[in-house]
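Report on one structure; see the data block that follows.
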Amino acid sequence: MPKIKEIERTPNPDAMRFVLAEPLTNGITKSFESATEADGDELAEALFAIENVINVYYVDKYVTVTQDGNAVWSDLLRKLAPPIREAGPMLDASEDEEVHATKEVQESDDPRLQAINQMLDEQVRPYLLADGGGLKVLGLEGNRLKVHYQGACGTCPTATSGTLYAIESMVKRIDPEIQVVAV
């Protein structure tokens, strides 16, 4: 049973990040945006069963839960803690192969997409993870790069403004014509 070491606020006022004493996964990222997506994942199912939960994101020793903004955090935290504490280690869990990029992006021979994904892995995703979230590349259509924020970043007001602008600035070093769009 993982012990909760800390509960941290994220830049998103509707998301909290639980820091555990021991890892749930061995570097495997899990991202769920609905109870339907969580089907078969014991921890995510238990968290989505709690009213107001709209997103569950976890990796290693971190669990981020996003609410719909209609709950008082002090009340909600008391409901979220037991299922997180009861979760067993999932050290043999397999990663969703498309958690960071769609299959189409991964299999693309477009050198821009390869460079962008590498840049995101090195310069963006670690910082988003520190804030309780992540980023998935959906594709590049012409000069429009579609990305999808995960976890706390999914509904964060700064994700669609400041962070998106910073990502676009970095991407423009690879190709100045690319426009980044969050979907």
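The values are calculated or read from the model by the stated rules, or taken from the named source; none is laboratory data. Because the structure is predicted, anything quoted here is derived from the model rather than measured. Every residue, glycine among them, receives a Cβ derived from its backbone with ideal geometry; neighbour counts consider all protein chains shown.
Sub-8 Å Cβ pairs linking a first residue in the range 36-53 that is in contact (Cβ under 8 Å) with a residue 24 or more places away in the chain to a second residue that is among the hydroxyl-bearing types (Ser, Thr, Tyr) and surrounded by 13 or more Cβ atoms within 10 Å (Cβ to Cβ), at least 6 apart or interchain, are Leu43/Tyr58; Val53/Thr66, ordered by first then second residue.
Mind checking which residues of the range 1-28 are in a strand (DSSP E or B), of a type outside the set (A, V, I, L, M, F, W, C) and surrounded by 21 or more Cβ atoms within 10 Å (Cβ to Cβ)?
Arg17
For the range 84-117, the candidate set comprises residues that are without any contact (Cβ under 8 Å) to a residue 24 or more places away in the chain and part of a helix (DSSP H, G or I); within that set, the residue that is nearest to Phe32 (Cα to Cα) is Lys103. If the condition is being surrounded by 16 or more Cβ atoms within 10 Å (Cβ to Cβ) and assigned to a loop (DSSP other than H, G, I, E, B), then the range 29-46 contributes Glu33, Glu37, Ala38, Asp41. Any residue in the range 34-41 that is touching a strand residue (DSSP E or B) at 6+ places or on another chain (Cβ under 6 Å) and either farther than 28 Å from Ala101 by Cβ or assigned by TED's automatic domain parsing to the domain that holds Ala152 (or both)? So far as the range 34-41 goes, no, none of its residues is touching a strand residue (DSSP E or B) at 6+ places or on another chain (Cβ under 6 Å) and either farther than 28 Å from Ala101 by Cβ or assigned by TED's automatic domain parsing to the domain that holds Ala152 (or both).
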